[in-house]
Amino acid sequence: MYDLIIIGSGPGGYVAAAKAGKAGLKTLVIEKNELGGICLNSGCIPTKALLASSRRLLDIKEAAEHGIKIDGDITFDWPAMQKRKDKVVSRLQKGIQALFKQSQVEWVQGEARLISPTEVKVDDKSYRTKKLMIATGAKPVHPEIPGLAELFEDKIAYSANELLFIEQVPEKLLILGDNVFATEYASLFKALGSKVTLLAPYERILPYMDAELSEFMTRELARQKVEIVTGATINSFDGRQAAYTAGDKEGVVAFDAVLISQGATPNLTGLESLELAKTETGFLAVDEFMRTSLDGVYAIGDVIGKYPLAHVASAEGMVAVDDILGNSRPMRYDRLPMAVYSEPEMASAGLTEEKAREIHGDVKVSKYFLSANGKALAEGDSKGFVKILSIPPYDEVVGVHIAGNKATDLIAEAVLALQLEATLHDLAAAIHAHPTPSEILMEAAASTL
């Protein structure tokens, strides 16, 4: 008998397992594929490895600006990039195995089938448990567009998880989507020389982020000569051409490969016997402690459909384990960091300006631009800004949005500020090392005091 069985070993599952094991719970993880889930094996980590390689390629191409001369053609080796990516993934997989060993967590490979809230079968073997946690994730949605199914069969159409393993960089890449994956892949393949067209279904890319970040990224991608069409709907695929409508305009775009990045649907195979309550969109319904509709059964990560972010899944896993241990604390989604590893980067934490004004009414906006930051200028990467949102009467920070140099690293300070309910005065009074990009947070906070 186990104290806890976790189905799925992604960032939610393995983090929850380690926490449970260290707390003394006899814990078993069941994973049907590779340890680490989609994030480690075909999502977050592999993408960032390839983006890091493409960033170095851009740095070399821009070396002349720093007085460095390079003779001859500057090229890249896609298979070598893939090999490096695979090494990174393998090392982190071994890290999870070591973490499980250290935390005394057991794991088995196979597809789980739930018999009851306290019994799980893998092949012909049954495992019994006191508590159950579902962390099975989600899979990409394939919209029903005439001609698309054939493109997937012919390996011309890809989901975000599949495109990483394409054998050669396409000359012309079509992206259907407006989310983080669409934006990051546009940056990646444009840096590698592809002609990229991005058809976004809404009126702006990254519609859930602050509008100024969305506008900034639209300008930057356009500067990189990524063609962006907003409000676009693909009507059909005919061979390697897509017919689309955008407003009252119609167009046709040719491609060698197409990325479909339009949401996800939960992985519920093997869970049918429990008849768990679901949301209107078909994801598992949970409360603020990650409890499902059945006593003793928890669900976390993409399978609940809240935020498809690895760090959110990890946080949800820890909230669920705390509840099992009797240290209940609710999951909070109002202080989450979001990161876009595009070129340049963007990140945010807390409320967008639109949402902040909707909730609080009176909102102070404090800004500072990287073009005035010494380190950014010295590095030759001074595009971007920081935007801090605060509310009266104490100028409490409720949202931070960063575009540009090292945004995905800088956002950590913003998350801490939100967690501690810091004010503009706190940020302005905190001494930041000079010269560093982090000074933009201090300068922005001080600018409106």
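Of the residues that make up segment 176-197, is at least one surrounded by 15 or more Cβ atoms within 10 Å (Cβ to Cβ), touching a Ser or Thr at 6+ places or on another chain (Cβ under 7 Å), part of a strand (DSSP E or B) and at pLDDT 95 or above? Yes: segment 176-197 contains one or more residues that are surrounded by 15 or more Cβ atoms within 10 Å (Cβ to Cβ), touching a Ser or Thr at 6+ places or on another chain (Cβ under 7 Å), part of a strand (DSSP E or B) and at pLDDT 95 or above. Among the residues of segment 202-220, are any assigned to a loop (DSSP other than H, G, I, E, B), closer than 30 Å to residue 115 by Cα and of a type in the set (Ser, Thr, Tyr)? No, segment 202-220 contains no residue that is assigned to a loop (DSSP other than H, G, I, E, B), closer than 30 Å to residue 115 by Cα and of a type in the set (Ser, Thr, Tyr). Taking segment 370-400, which residues are out of contact with any helix residue (DSSP H, G or I) (no Cβ under 8 Å at 6 or more places or on another chain) and in a strand (DSSP E or B)? If the condition is that a residue be out of contact with any helix residue (DSSP H, G or I) (no Cβ under 8 Å at 6 or more places or on another chain) and in a strand (DSSP E or B), then 396 is the only one that fits. Listed by position, the strands (runs of 3 or more DSSP E) contained in segment 225-269 that have at least 2 residues being aliphatic (A, V, I, L, M) are 227-229, 232-238, 241-246, 249-254, 257-260. One residue alone among 224, 241 is assigned by TED's automatic domain parsing to the domain that holds residue 166, in contact with a Lys or Arg (Cβ under 8 Å, 6 or more places away or on another chain) and polar (S, T, N, Q), and that residue is 224.
Conditions (1) under 27 Å from the mean Cα position of the chain (by Cα); (2) modelled with pLDDT under 95; (3) among the aliphatic types (A, V, I, L, M), marked per residue:
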position: 15; (1), (2), (3): yes, no, yes
position: 53; (1), (2), (3): yes, no, no
position: 62; (1), (2), (3): no, yes, no
position: 91; (1), (2), (3): yes, no, no
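Within the set of pairs 6+ apart or on separate chains, which have a first residue in segment 47-71 that is among the charged types (D, E, K, R), a second that is at pLDDT below 95 and in a helix (DSSP H, G or I), and C-beta atoms under 8 Å apart? Pairs that qualify, where the first residue is among the charged types (D, E, K, R) and the partner is at pLDDT below 95 and in a helix (DSSP H, G or I), are 69/63.
Would you check if there is a residue in segment 431-447 being of a type in the set (Val, Ile, Thr), in a helix (DSSP H, G or I) and at pLDDT 95 or above? Within segment 431-447 (the criterion being of a type in the set (Val, Ile, Thr), in a helix (DSSP H, G or I) and at pLDDT 95 or above), the answer is yes, since at least one residue qualifies. The set of residues from segment 272-296 being crowded, with 22+ Cβ neighbours inside 10 Å, touching a Lys or Arg at 6+ places or on another chain (Cβ under 9 Å) and touching a residue at least 60 places away in the same chain (Cβ under 8 Å) comprises just one member, 284. Residues of segment 103-133 that are assigned to a strand (DSSP E or B), within 31 Å of the chain's Cα centre (by Cα) and farther than 13 Å from residue 17 by Cβ: 109, 112, 113, 114, 120, 122.
Within segment 79-91, is there a residue that is β-branched (Val, Ile, Thr), surrounded by 12 or more Cβ atoms within 10 Å (Cβ to Cβ) and touching a residue at least 60 places away in the same chain (Cβ under 8 Å)? No, the conditions are met nowhere in segment 79-91.
Just checking, does segment 271-278 include any residue being basic (Lys, Arg) and either part of a loop (DSSP other than H, G, I, E, B) or at pLDDT below 95 (or both)? The answer is no, given that none of the residues of segment 271-278 is basic (Lys, Arg) and either part of a loop (DSSP other than H, G, I, E, B) or at pLDDT below 95 (or both). With respect to (1) under 29 Å from residue 219 (Cα atoms); (2) at pLDDT 95 or above, the lone exception for residue 307 is condition (2). Selection within segment 320-360: residues that are hydroxyl-bearing (Ser, Thr, Tyr) and assigned to a loop (DSSP other than H, G, I, E, B). The member of this set that is surrounded by the most Cβ atoms within 10 Å (Cβ to Cβ) is 342.
Going by the structure shown, is residue 403 in a helix (DSSP H, G or I), touching a residue at least 40 places away in the same chain (Cβ under 8 Å) and of a type in the set (A, V, I, L, M, F, W, C)? Answer is no for this residue.
When the residues of segment 48-102 are filtered to those that are among the acidic types (Asp, Glu) and in a helix (DSSP H, G or I), which remaining residue is farthest from residue 10 (Cα to Cα)? Among them, the one singled out is 65.
Entry remark, segment 345-379: residues being small (Gly, Ala, Ser) and either within 27 Å of the chain's Cα centre (by Cα) or within 18 Å of residue 207 (Cα to Cα) (or both) number 7 in total.
The values are calculated or read from the model by the stated rules, or taken from the named source; none is laboratory data. Everything quoted here is computed from the prediction, not taken from an experiment. With ideal geometry, Cβ positions are generated from the backbone for all residues, glycine too; neighbour counts draw on all protein chains shown.
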